[in-house]
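One structure is given below, encoded as structure tokens.
The values are calculated or read from the model by the stated rules, or taken from the named source; none is laboratory data. In this text, all values refer to a predicted model and were calculated from it rather than measured experimentally. Ideal geometry is used to build each Cβ from the backbone, glycine not excepted, and the neighbour counts take in all protein chains shown. Just so you know, the surface numbers come from the protein's heavy atoms only, side chains and all, with ligands and any DNA or RNA stripped out. Shrake-Rupley method; radii C 1.70, N 1.55, O 1.52, S 1.80 Å.
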Amino acid sequence: MAEATLRSVDDLVTDGLVRAEEAGTLDAVAARYAIALTPTVRALIDVNDPSDPIAAQYVPSADELVEHPDERPDPIGDHPHSPVDGIVHRYPDRVLLKLVHVCPVYCRFCFRREMVGPQGDGNLGADALRKALDYIRADKRIWEVILTGGDPLILSPRRLKAVMQELATIAHVRIVRVHSRVPAVDPERISEDLLDALKSGGKTLYLALHVNHPRELTPEVRKACARLAAAGVQLVSQSVLLRGINDNAETLSELMRDFVEIGVKPYYLHHPDMAPGTSHFRLTIAEGQAIIGEMRTRLSGLCIPHYILDLPGGHGKVEIGTNTLRQIGPNRYIALDRHGSEHVYDG
């Protein structure tokens, strides 16, 4: 296992993850999009497999220099819905609180790839954090605060605890949700100090764990999830449907079953967003719907995530799973069963 996080093209060449002759092209990628592979991630990569699904998520490629007209730097419209720095308020009862814009790893398909990393939007300073918390205090509609970024669990336990204790003083905030890759890419960071920091706010806690392939759920990652669950954190999943990584019902079914077996409720399967340089990861919606349809024929309902499209321009999420019901008259419908057969339903 590598001893340190790999952060440059030179690191990747030295470690044998990319060829020396690729370095010039990949330096152009790295000039725009950050690179980081933790030792946990590096240990999972099979250097003898040119199609390795772990490498494809984290090792930069020349494909990232190919941009399409529909791609945009802010593909889901965070900035138009940011009333103050660090806040995204797209839905009435919840806000994103973006504490940091750095991550332990940098996914090559990231929808915030123009905002995160050393050349990104920067972390939230003390004054900006105070204004963000004041915004949350002032709007009593806000029932849930979602800590995101960047990855909020890259913060020190001390800083995380300070934020949780501030949120504890806001009575109308009842739920705190954390979106994180950390348990999967740096499971040792899920320490007692970090767990104490999370619990210090006294709110109901959820953690949305980002994992895209069953090989990522190593014994160490499973133990980190168990520590979170034992501390009272309720676990849900978020994954991205990615060409060449998990774009088939077999891989996704194994992943979703693994989630359920370790107490992580499958929640979101995201259709890839229109982030610059990510077209090589995208499937068509029809392909995604076919995969979800096949999963429905083989999996318990516990294992089926919401297949989600985040509409460009900040218009929010829509569920795009297979359409199983259409109206054909007053109180009369055609319903598709899990095998695709049609049934008339009256009532």
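I need the full set of residues from segment 1-56 which are at pLDDT 95 or above, in contact with a helix residue (DSSP H, G or I) (Cβ under 7 Å, 6 or more places away or on another chain) and exposed (fewer than 12 other Cβ atoms within 10 Å of the Cβ), in order please.
Selection gives A20 alone.
Please list, ordered by first then second residue, the pairs with beta carbon atoms under 7 Å, 6 or more apart or interchain, first in segment 273-284 and closer than 14 Å to Y307 by Cβ and charged (D, E, K, R), second open to solvent by 10 Å² or more (accessible area, probe 1.4 Å) and part of a helix (DSSP H, G or I).
none
Within segment 300-343, can you find the residues that are touching a Pro at 6+ places or on another chain (Cβ under 9 Å) and either over 29 Å from P75 (Cα atoms) or in a strand (DSSP E or B) (or both)?
Across segment 300-343, the qualifying residues are L302, H306, D310.
Identify, from the list I292, I334, the residue that is surrounded by 11 or more Cβ atoms within 10 Å (Cβ to Cβ), within 25 Å of P266 (Cβ to Cβ) and without any contact (Cβ under 8 Å) to a residue 60 or more places away in the chain. Let's see the steps before the verdict.
Numbers: I334 fails: within 25 Å of P266 (Cβ to Cβ).
The unique qualifying residue is I292.
What number of residues within segment 223-259 satisfy the criterion of being open to solvent by 50 Å² or more (accessible area, probe 1.4 Å) and either free of Cβ contacts under 8 Å to residues at least 12 places away in the same chain or part of a helix (DSSP H, G or I) (or both)?
8
Of everything in segment 260-272 that's within 16 Å of the chain's Cα centre (by Cα) and open to solvent by 50 Å² or more (accessible area, probe 1.4 Å), which residue is farthest from I320 (Cα to Cα)? Reasoning before the result, please.
Initial filter on segment 260-272 (within 16 Å of the chain's Cα centre (by Cα)): 264-272.
If we keep only those that are open to solvent by 50 Å² or more (accessible area, probe 1.4 Å) too, we end up with 265, 267.
Numbers: K265: 19, Y267: 14 Å.
Applying the filter and picking the extreme gives K265.
Yes or no: E64 outside any loop (DSSP other than H, G, I, E, B) and closer than 26 Å to F281 by Cα? Don't jump to the end; show me each part of the working.
Numbers: outside any loop (DSSP other than H, G, I, E, B): yes; closer than 26 Å to F281 by Cα: yes.
Yes, satisfied.
Being at pLDDT below 95 and either of a type in the set (G, A, S) or over 30 Å from H280 (Cα atoms) (or both) is true for just one of L155, L167, L124. Which residue is that?
Numbers: L155 fails: at pLDDT below 95; L167 fails: at pLDDT below 95.
It is L124.
Of the residues R137, R108, only one is within 18 Å of V211 (Cβ to Cβ) and modelled with pLDDT of 95 or more; which? Talk me through it step by step, then tell me what you get.
Details: R137 fails: within 18 Å of V211 (Cβ to Cβ).
None of the other options fit; the residue is R108.
Suppose the filter is part of a strand (DSSP E or B) and farther than 21 Å from G288 by Cβ; does L195 pass it?
On the way: part of a strand (DSSP E or B): no; farther than 21 Å from G288 by Cβ: yes.
No, not satisfied.
Mind checking which pairs have a first residue in segment 34-58 that is over 19 Å from R243 (Cα atoms) and a second that is among the acidic types (D, E) and part of a loop (DSSP other than H, G, I, E, B), Cβ under 8 Å, 6 or more apart or different chains?
Between residues of segment 34-58 that are over 19 Å from R243 (Cα atoms) and residues that are among the acidic types (D, E) and part of a loop (DSSP other than H, G, I, E, B), the close pairs are T38/D186; P39/E3; T40/D186; R42/D15.
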